[in-house]
1. Looking at this model, which pairs from LYS8/LYS124; LYS123/LYS144; LYS17/LYS196; LYS17/LYS177 are more than 26 angstrom apart at the alpha-carbon?
2. Amide H of GLY91 versus every other amide H placed in the peptide plane: which residues, excluding those fewer than 5 positions away on the same chain, fall under 5 Å?
3. Would you please give the residues with an amide H less than 5 Å from that of LEU79, counting only those at least 5 places away or on a separate chain, with H modeled from the backbone geometry?
4. Strictly greater than 12 Å: what percent of every Cα pair in the range 97-139 meets that?
5. Percentage of Cα-Cα pair distances in the range 18-101 greater than 19 Å, rounded to whole percent?
6. Quick check for you: with a 1.4 Å probe and neighbouring chains kept, what is the accessible area per residue of the range 83-192, in Å²?
7. Counting helices only, and only those DSSP H runs with n ≥ 4, report the 222 nm mean residue ellipticity of the chain as the sum of -39,500 (n - 2.57) divided by its residues, in deg cm²/dmol to the nearest 500.
8. Mind checking the dipole of the chain: about its Cα centre, +1 per Lys or Arg Cβ, -1 per Asp or Glu Cβ, Debye to the nearest 20?
Amino acid sequence: YANSIEIKQMPIEFTQKRIDLTKEYIKNSYGLDLESINIVPKVIVIHHTAMDDLNESFNRFNSEVLTPDRNYIIKAGNLNVSAHFLVDFDGSIYSLMPETYMARHVIGLNLSSIGIENIGGNKKDLTKEQLAANIELVKYLKEKYKTIEYLIGHYEYTKFEEHPLFLEKDAKYRTIKHDPSVWFMEGLRSNFPDLKS
């Protein structure tokens with residue numbers, strides 16, 4: 001199946017520094033002292049960037065250290081936000097980082113989830129091309145990682161608060177999310193009746 005999907009490489013900076021910051025985040029947020037930052041993917045989380053440009057979105061994730069304007073989430077650590085994939089308006093899929101490294105993209109579930117960011121969602125709505133690309137990408141990931149059981153929109157993450165996969169220790173550390181959008185998730189989910197939300 002992997003042959004029928006085109007994934008372009010657009011790697012963000014990922015040096016030892018980012019690995020160390022990731023371990024620090026895991027320790028601070030989840031209370032775990034881990035040797036590696038590898039994840040076992042169980043959840044796919046769909047996002048939108050709320051920026052209407054590929055390069056602007058890429059630059060948001062590229063730096064290894066969180067930008068100072070993200071002052072609310074900086075208390076949980078200096079690791080910059082990222083995601084595993086970025087999908088442009090035309091449906092082009094870009095891989096930003098290794099699929100089994102932890103990305104900081106969702107409170108509580110980073111150690112078990114793969115993040116897919118879609119360009120847009122602010123002034124411009126997500127597109128049919130993006131939806132089609134997300135369907136292909138989820139198929140590809142589901143095929144590759146038999147451990148994947150859940151498919152959620154970023155706005156649904158708090159439903160997992162009582163779930164064993166939810167590791168955030170600070171009960172006050174939550175952000176309200178509305179991405180990607182209900183129509184987008186419904187369109188995506190209808191293709192994966194066996195994935196739980």
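The values are calculated or read from the model by the stated rules, or taken from the named source; none is laboratory data. Bear in mind the structure is a predicted one, so any value in this text is a computation, not a measurement. Don't worry about glycine lacking a Cβ; one is built from the backbone with ideal geometry, like all the others, and counts go over all protein chains shown. Accessible surface areas use protein heavy atoms only, side chains included; no ligands, DNA or RNA. Shrake-Rupley method; radii C 1.70, N 1.55, O 1.52, S 1.80 Å.
1. Values: LYS8/LYS124 23 Å; LYS123/LYS144 34 Å; LYS17/LYS196 35 Å; LYS17/LYS177 28 Å.
Those over the limit are LYS123/LYS144; LYS17/LYS196; LYS17/LYS177.
2. Here the answer is GLN130, since their amide H atoms fall under 5 Å of that of GLY91.
3. Here LEU66 satisfy the definition.
4. Numbers: 600 of 903 pairs.
More than 12 Å apart: 66 percent of the Cα pairs in the range 97-139.
5. Numbers: 1545 of 3486 pairs.
That tail contains 44 percent of the Cα-Cα pairs.
6. Numbers: 4590 Å² over 110 residues.
Accessible area per residue, the range 83-192: 42 Å².
7. On the way: 4 runs with 49 residues, N = 197.
Helix contribution divided over all residues of the chain: -8000 deg cm²/dmol.
8. Values: 24 positive and 28 negative charges, 81 e Å.
Computed about the Cα centre, the dipole is about 380 debye.
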